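What follows is one structure encoded as structure tokens, with my remarks underneath.
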Amino acid sequence: MATAGGRAAGTASRALGRGGGTTLPGIVARYVEPRIAGALAAQLMNGCVLVSGTNGKTTTTRLISAILSASGRRVVHNRAGANLMSGVTTALLTTRGDTGLFEIDEATLPAAVAELRPRLVLCLNLFRDQLDRYGELNTLGAKWGAALAQLAPEATVLLNADDPLVASLGCELSSHVEYFGLDSSGHALPSMQHAADSIYCPRCGALLDFGAVYYGHLGHYQCTGCGFERPAPNFAATDVRLGLDSPTRFKLGGMELETSLPGLYNVYNVLAAAAAGTILGVDPEMVAGTVKDFAGAFGRTETVEIEGKRLRLLLAKNPVGFNEIIRTLELDPAPLQVYIALNDRTADG
């Protein structure tokens, strides 16, 4: 009944022009059966992958989807970006496949982990974003940690080694933990940015000593108080060469990855997606080929020509993201005019 009701609601929503049906089917189905997403996810032969973080989750999830699809997986994916449980449920109701892949809102990750029982959880980063909904980062980090602690031992958690708060979540987990990060000292900033958030040790509260800062609070760090330090990444990006009109390139072990996505922040996104694909058993050559052919999500990394002028569309949702957009645009040697379009302050999903 829940499945039929949800699908009917989606059909009606589209027919009446009231929306694309990306959340309403899930809302209706969850009203009838609150745990329906978990029941549907349990039917997926290859289980579920969850991707969460403040910045980069849409691009990273779409890239993982492309990698998995290239390997022959049939991916159930909330591609439209409806990343609350209603959107995840809608994707499970309306798409047939063998592998679940879901972009998850940061505050929704604990509920998604509990209900979907994923085989892989990818945690990208935590920055100040919507404090009216999320509260302080340490509060959100504690909720993530409690949720991840409930994963089965055979599950894998993939964490950003360069984010102190995110990396610290792996210290107490019984599931398999792997890390990704940058080893590229040539792209370190001369000093900490004002938009940095996690500058204190998540374990003892002492001020962290940063040996390198890549952007925001992401970098190489150690605590002189308790000894907590950046874990050595299992997946490290080295020899990073940034481009704007030319490809960005970096090495990941024996792979050379090339992407049209510009900026150091996209190196993190591509690195995370490539690491996830590798963990999920995709051939490295297929990962590299998919990364090379991948284009960014709508409105996030686009270049269009209008009346002989080049217009670049780049998305930022918070101070650290905006800093990285400016830093990326500085790769262009031509004089720039920057136009800022503000959104309607409505949260994703």
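The values are calculated or read from the model by the stated rules, or taken from the named source; none is laboratory data. Since the structure is predicted, the reported quantities are computational estimates derived from the model, not experimental observations. Cβ coordinates were reconstructed from backbone atoms using ideal geometry, including for glycine residues, and neighbour counts include every protein chain displayed. Remember, those area values only see protein heavy atoms, side chains included, never the ligands or the DNA or RNA. Shrake-Rupley method; radii C 1.70, N 1.55, O 1.52, S 1.80 Å.
Remark: the stretch 235-282 carries 29 Å² of accessible area per residue (probe radius 1.4 Å; ligands, DNA and RNA excluded).
Taking amide H atoms as placed 1.01 Å from N in the peptide plane, the amide H of Ala212 lies under 5 Å from those of His220, each 5 or more residues away in sequence or on another chain. As an equivalent ellipsoid, the stretch 200-252 spans semi-axes of 29, 12, 7 angstrom, where each value is the square root of five times an eigenvalue of the C-alpha gyration tensor, largest first. Using a probe of 1.4 Å on the protein chains alone, the accessible area found for Ser260 is around 70 Å².
Percentage of Cα-Cα pair distances in the stretch 107-205 greater than 15 Å, rounded to whole percent?
Everything past 15 Å amounts to 64 percent.
Per-residue packing, averaged as other Cβ atoms within 10 Å, sorts the ranges 43-52, 219-228 into the order 43-52, 219-228, beginning with the highest. The phi torsions of the stretch 23-30, fed into the Karplus equation with coefficients 6.51, -1.76 and 1.60 and a -60° offset, translate into couplings of 10, 4, x, x, 4, 5, 5, 6 Hz, rounded to whole numbers, with Gly and Pro shown as x. Remark on Val76: its backbone amide H falls under 5 Å from those of Asp98, Thr99, Gly100, Leu101, a criterion applied only to residues 5 or more positions apart or on other chains, H modelled at 1.01 Å from N. Residue by residue, the stretch 84-97 carries 3J(HN,Hα) couplings of 8, 5, 5, x, 4, 4, 4, 4, 5, 6, 10, 10, 9, x Hz when phi is fed to the Karplus relation 6.51 cos²θ - 1.76 cosθ + 1.60 (θ = phi - 60°); x denotes Gly or Pro. Quick one: pull the percent of accessible area on the stretch 172-276 belonging to carbon and sulfur, 1.4 Å probe, ligands and nucleic acids left out. Here carbon and sulfur together make up 46 percent of the probe-accessible area.
With Kirkwood's inverse mean 1/r over C-alpha pairs for Rh, give me the Rg to Rh ratio of the stretch 31-129, two decimals please.
Checking Rg against Rh, the ratio lands at 0.94.
Couplings 3J(HN,Hα) for the stretch 113-126, derived from phi with the Karplus relation 6.51 cos²θ - 1.76 cosθ + 1.60 (θ = phi - 60°), are 4, 5, 8, 8, 6, x, 8, 9, 10, 9, 10, 7, 5, 9 Hz, where x marks Gly and Pro.
Under 5 Å between amide hydrogens, built in the peptide plane, is the criterion, and for Ala196 it picks out nothing among residues at least 5 positions away or on other chains. A 1.4 Å probe run over the protein chains yields, for the stretch 87-233, 38 Å² of accessible area per residue, whole-number rounding. Taking 0.36 nm per residue of separation and subtracting the Cα-Cα distance, full extension of the segment from Val32 to Ser174 would add 47.7 nm. When only Cα pairs below 8 angstrom with a gap of at least 6 residues are kept, the stretch 201-288 shows a relative contact order of 17 percent. Packing-based ranking of 158-167, 200-209 yields 158-167, 200-209, ordered from highest to lowest mean Cβ neighbour count within 10 Å. The alpha-carbon atoms of the stretch 150-257, seen along their principal axes, cover 43, 36, 20 angstrom, with the largest extent given first. For the stretch 149-192, the Stokes-Einstein estimate of translational diffusion at 20 °C and a viscosity of 1.002 mPa s comes to 180 µm²/s, using the Kirkwood hydrodynamic radius over alpha-carbon pairs.
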